[in-house]
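For reference, the structure is listed below as structure tokens.
What follows draws every value from the coordinates through simple rules; no lab data is involved. The structure presented is a predicted model; accordingly, all values stated were derived computationally and were not measured. Reconstructed Cβ throughout: ideal geometry from the backbone, glycine too, with neighbour counts over all protein chains shown.
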Amino acid sequence: MPDTHSAPDLTGLYFELFNEIGIISQLSRASFEARLPDGMVLPHFSVINHLIRVQDGRTPLQLARAFQVPKTSMTHTLAGLEKRGLIEMRANPKDARSKQVWLTEAGRSFRQDAIASLMPDVAEISDTFTPDELSGLIERLETLRKRLDAARD
């Protein structure tokens, strides 16, 4: 019979990890949203950031799946972005029944400005990790994200 007293509690450790990530997410979201223009929230930024990261031209359904939200929620987010001129909805040349989401130059500028607005917050915490520690942490979190992302497919 294996000695369970010396084995680490992986469930507990992973719970602690996800709990810390969740708390960090809440704190960083509140801080970031406080710096966004009135009426803009993190989901707006997240869609724009996603389109830059993976390439624009995605359909609303693809975006809803990527963010794991109902299509109606994504449609609402996209309507807010389109109203502000940050995205354009274009007919999908492969499927006339659907649309594709394309960033405008204003959308690309919005992302850069939003990131730049974080500099005071980054300056406040920049002594938390050395650049090497931060790079290592990002690599480990990226590995975890990829594993979780693959598990949902």
Next on the checklist: Report the gain in length on full extension from residue 38 to residue 13: 0.36 nm times residue separation, minus Cα-Cα distance, nm rounded to one decimal.
Outcome noted: 5.1 nm
Checklist entry - In segment 66-133, which trypsin sites (Lys or Arg not before Pro) fall in coil by DSSP and have 10 or fewer other Cβ atoms within 10 Å? => result 94
Checklist entry - Listing 59, 130 from the residue with the fewest other Cβ atoms within 10 Å to the one with the most, what is the order? => result 130, 59
Next on the checklist: Springs between alpha-carbon pairs under 10 angstrom, Gaussian network model over the chain: which of 21, 87, 115 fluctuates most?
Outcome noted: 21
Checklist outcome for this item: Taking Cα atoms only, helix 10-35 is inclined relative to the longest principal axis of the chain by an angle, in degrees rounded to 10, of 40
Item to check | Spin-label pair residue 72/residue 29, simplified geometry with 7 Å Cα→Cβ offset, distance in nm | outcome: 2.0
Checklist entry - Roughly how tilted is helix 105-117, in degrees to the nearest 10 and between 0 and 90, from the longest Cα axis of the chain? => result 30
